[in-house]
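Student: Below are the structure tokens for one structure; questions will follow.
The values are calculated or read from the model by the stated rules, or taken from the named source; none is laboratory data. Since we're looking at a predicted model, the values are computed, not measured. Because the Cβ atoms are built from the backbone with ideal geometry, glycine has one as well, and the counts that use them run over all protein chains shown.
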Amino acid sequence: MQTKKLTWEEMEEHRKKGLCYNCDEKFVRGHHCTQQKLYFLDADAPNEEEYESATKEAIEEVLDEKTPIISYNALSGITTPQTMKVKGFFKKQILIILLDSESTHNFIDPRVAKATDSYIHPSNNFEVLVGNGGKIACKGTCRNVKLSMGQYILKSDMYVLPLGGCDIILGIQWLRTLGTIQWNFAELWMTFKISEQEHTLKGLQVGPS
């Protein structure tokens, strides 16, 4: 299996130059690598305070956008090498959850909200930016959605959008809470630690979209 390992300094250099971590090309909204490769990324910070400060700054550059971004492929149900689908549960409902590093926030399909009797807090004239440059009206938000994936449990607010090919999307809003992540796209697993407890999420094998 071919792997790529970026040091913290290399990741900072990529971020400052506006380059994609995977293919070294210029990163813009809706970016997709021209060559689809599989990577194993593992970056360690030389100093914990420096890591937290730089990471917070980098993430805030994305999440401070007034308009949340959802990747076009995630919205349309197309699986890419930068995503992984896992099985999860919400109020005893079995869900397909897409882990997507190209979407800025977390999203839930309205039919899941309805099936779980989750209240949708309405949003007037609120839109989500699609990675291809378009916009789609957002129905509102579901607050404190409690998901379980294996032994791992999370609570998060989620924007309500009709999704293709999955029930929930977890984007950078969720990924930034995990700290250091080991994500193997070839074998479809992700490992991270929460309060010194290690969690491993195993991806679902899916056919070509």
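Student: Out of the residues in segment 181-194 that are in a loop (DSSP other than H, G, I, E, B) and under 15 Å from the mean Cα position of the chain (by Cα), state the one that is nearest to THR80 (Cα to Cα).
Tutor: Only one residue fits best here, namely PHE185.
Student: Within segment 105-127, track down each residue that is modelled with pLDDT under 90 and part of a strand (DSSP E or B).
Tutor: GLU127 - this is the single residue of segment 105-127 that is modelled with pLDDT under 90 and part of a strand (DSSP E or B).
Student: A further question follows. Scan segment 195-209 residue by residue and report those that are part of a strand (DSSP E or B) and either under 23 Å from PRO68 (Cβ atoms) or not β-branched (Val, Ile, Thr) (or both).
Tutor: GLN197, GLU198, HIS199, LEU201, LYS202
Student: Quick one: in segment 123-148, of everything that is charged (D, E, K, R) and under 11 Å from VAL160 (Cα atoms), which residue is surrounded by the most Cβ atoms within 10 Å (Cβ to Cβ)?
Tutor: If we take residues in segment 123-148 being charged (D, E, K, R) and under 11 Å from VAL160 (Cα atoms), then LYS139 is surrounded by the most Cβ atoms within 10 Å (Cβ to Cβ).
Student: Which of the following residues is under 10 Å from ILE108 (Cβ atoms) and more than 15 Å from the chain's Cα centre (by Cα): ILE120, ILE136, ILE168, ILE153?
Tutor: After applying the criteria, what remains is ILE120.
Student: Restricting attention to segment 87-104, which residues are in a loop (DSSP other than H, G, I, E, B) and either over 17 Å from LEU75 (Cβ atoms) or in contact with a Lys or Arg (Cβ under 8 Å, 6 or more places away or on another chain) (or both)?
Tutor: If the condition is that a residue be in a loop (DSSP other than H, G, I, E, B) and either over 17 Å from LEU75 (Cβ atoms) or in contact with a Lys or Arg (Cβ under 8 Å, 6 or more places away or on another chain) (or both), then LYS91, LYS92 are the ones that fit.
Student: Are any residues in segment 166-208 crowded, with 17+ Cβ neighbours inside 10 Å and of a type in the set (Gly, Ala, Ser), and if so, which ones?
Tutor: Across segment 166-208, the qualifying residues are GLY171, GLY203.
To keep it simple, each residue is scored yes or no on (1) part of a loop (DSSP other than H, G, I, E, B); (2) outside the structural domain of HIS121 (by TED's automatic domain parsing); (3) of a type in the set (Asp, Glu); (4) in contact (Cβ under 8 Å) with a residue 24 or more places away in the chain.
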| site | (1), (2), (3), (4) |
| --- | --- |
| THR141 | no, no, no, no |
| ILE153 | no, no, no, no |
| GLY164 | yes, no, no, yes |
| ILE169 | no, no, no, yes |
| GLY179 | yes, yes, no, no |
